[in-house]
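> Take this structure first; my questions come after.
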Amino acid sequence: MIFFDATADRYSFLSSEDAELIMPLIAIEQDGPIAGLFPPTPTPAPAEALAVAADLEAQGLLVAGLGGKRCQRWLYTQPLKELPRRIGPRSDLLACRDVLRLLWCATAAKAMLKALTLDAIIARVGRWKREAPPCADWPRFVDQLELYKRIRPLIYRKGGNCLFDTLCMILFFKDHLSEISWRFGVRLRPFRAHAWLERDNALLDDEAATVHDYEVIMEV
């Protein structure tokens, strides 16, 4: 079990043994009895489970008042494919305004990551996505994405900071957010976290070989 604290931008890993102890205290399966109709017989929680809960509460990962929150297990099995690269006899010419636009987006992304919590950034991006107009000219977006990839090396290097890179792309393609998904995933052994952008299960700027073994824990 992995706790993702978006307010502090941190992950906490809980062993399978501790997760088994704490699950009955914090979660109720959606397909179980509906509260109020068939209330389960109350049973005292084991001391080990209460100790785990107290430790999580001390870390700010669990609120007081253990009653169980309704949940639904979800196995992420959607196939991933890479967005085909644009191949043609002519490429759009780089313009000074495009370079300045990406420079502004990179500066804004860096400022947001420094001044706001990840929780606040996610809420803001969610609002932008809801307000974005429908993206009718997707081929034009693909052309602009190719242009973006050519400009990016002039401003920053992609590797090493997927959160900054994806946020920068979100700002650059803000008008197309209605069809873009910002996904966060984790994997174990070794533990790593990753963020990427998709459209209809097609990766916009990543490789399927990189993303396929990450379990999605949040999507915007």
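The values are calculated or read from the model by the stated rules, or taken from the named source; none is laboratory data. Small disclaimer: the values here were computed from a predicted structure and weren't measured. Cβ atoms come from the backbone with ideal geometry, glycine included; neighbour counts cover every protein chain shown. The protein model used for the area step is the full one, side chains on, heavy atoms only, and it has no ligands, DNA or RNA in it. Shrake-Rupley method; radii C 1.70, N 1.55, O 1.52, S 1.80 Å.
Table: residues versus (1) surrounded by fewer than 13 Cβ atoms within 10 Å (Cβ to Cβ); (2) under 26 Å from Asn161 (Cα atoms); (3) at pLDDT 65 or above.
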position	(1), (2), (3)
Phe3	no, yes, yes
Glu17	yes, no, yes
Leu37	yes, no, no
Thr41	yes, no, no
Leu75	yes, no, no
Pro84	yes, yes, no
Ala115	yes, yes, yes
Leu118	no, yes, yes
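> Of everything in the stretch 131-143, what is assigned to a helix (DSSP H, G or I) and in contact (Cβ under 8 Å) with a residue 40 or more places away in the chain? Give them in sequence order. Steps first, please.
Filtering the stretch 131-143 down to residues assigned to a helix (DSSP H, G or I) leaves 131, 138-143.
The answer is Trp138, Val142, Asp143.
> Give me the pairs, please: first residue somewhere in the stretch 110-129 and outside the structural domain of Lys158 (by the TED database) and within 14 Å of Leu171 (Cβ to Cβ), second residue anywhere and open to solvent by less than 70 Å² (accessible area, probe 1.4 Å) and part of a helix (DSSP H, G or I), beta-carbon distance under 6 Å, and either six or more positions apart or on two chains.
none
> Check whether at least one residue in the stretch 53-65 is outside the structural domain of Lys158 (by the TED database), modelled with pLDDT under 65 and open to solvent by 40 Å² or more (accessible area, probe 1.4 Å), and report yes or no. So that I can check it myself, show each step before the final result.
Of all residues in the stretch 53-65, those outside the structural domain of Lys158 (by the TED database) come to 53-65.
Checking the rest, the ones that are also modelled with pLDDT under 65 come to 64-65.
Next cut, open to solvent by 40 Å² or more (accessible area, probe 1.4 Å) only: 64-65.
For the stretch 53-65, residues outside the structural domain of Lys158 (by the TED database), modelled with pLDDT under 65 and open to solvent by 40 Å² or more (accessible area, probe 1.4 Å): present.
> Quick one: how many residues across the stretch 186-220 are touching an Asp or Glu at 6+ places or on another chain (Cβ under 9 Å), buried (at least 19 other Cβ atoms within 10 Å of the Cβ) and free of Cβ contacts under 8 Å to residues at least 40 places away in the same chain?
Result for the stretch 186-220: 3.
> Still on this structure, I have one more. Just for the stretch 124-139: of the residues that are among the charged types (D, E, K, R) and under 22 Å from the mean Cα position of the chain (by Cα), which one is least open to solvent (accessible area, probe 1.4 Å)? Explain how you work it out, then say what you get.
Filtering the stretch 124-139 for residues among the charged types (D, E, K, R) gives 124, 127, 129-131, 137.
In the following step, the residues that additionally are under 22 Å from the mean Cα position of the chain (by Cα) were identified as 124, 127, 129-131.
Numbers: Arg124: 83, Arg127: 100, Lys129: 53, Arg130: 177, Glu131: 127 Å².
The qualifying residue least open to solvent (accessible area, probe 1.4 Å) is Lys129.
> Can I ask one more? In this structure, does Leu197 turn out to be out of contact with any His (no Cβ under 8 Å at 6 or more places or on another chain) and modelled with pLDDT of 90 or more?
Details: out of contact with any His (no Cβ under 8 Å at 6 or more places or on another chain): yes; modelled with pLDDT of 90 or more: yes.
Yes.
> Out of the residues in the stretch 140-172 meeting the condition of being among the aromatic types (Phe, Trp, Tyr) and at pLDDT 90 or above, tell me which one is surrounded by the fewest Cβ atoms within 10 Å (Cβ to Cβ). Spell out the reasoning first.
The first filter runs over the stretch 140-172 and keeps only residues among the aromatic types (Phe, Trp, Tyr), leaving 141, 148, 156, 164, 172.
Now restrict to residues that are at pLDDT 90 or above: 164, 172.
Details: Phe164: 17, Phe172: 23.
Step by step, filter the stretch 140-172, then rank; the result is Phe164.
> On to the next question. So, in the stretch 174-203, how many residues would count as being closer than 25 Å to Asp137 by Cα and outside any strand (DSSP E or B)? First the steps, then the outcome.
Within the stretch 174-203, the subset closer than 25 Å to Asp137 by Cα is 174-183, 196-203.
Restricting the remaining residues to those that are outside any strand (DSSP E or B) gives 174-180, 200-201.
Qualifying residue count, the stretch 174-203: 9.
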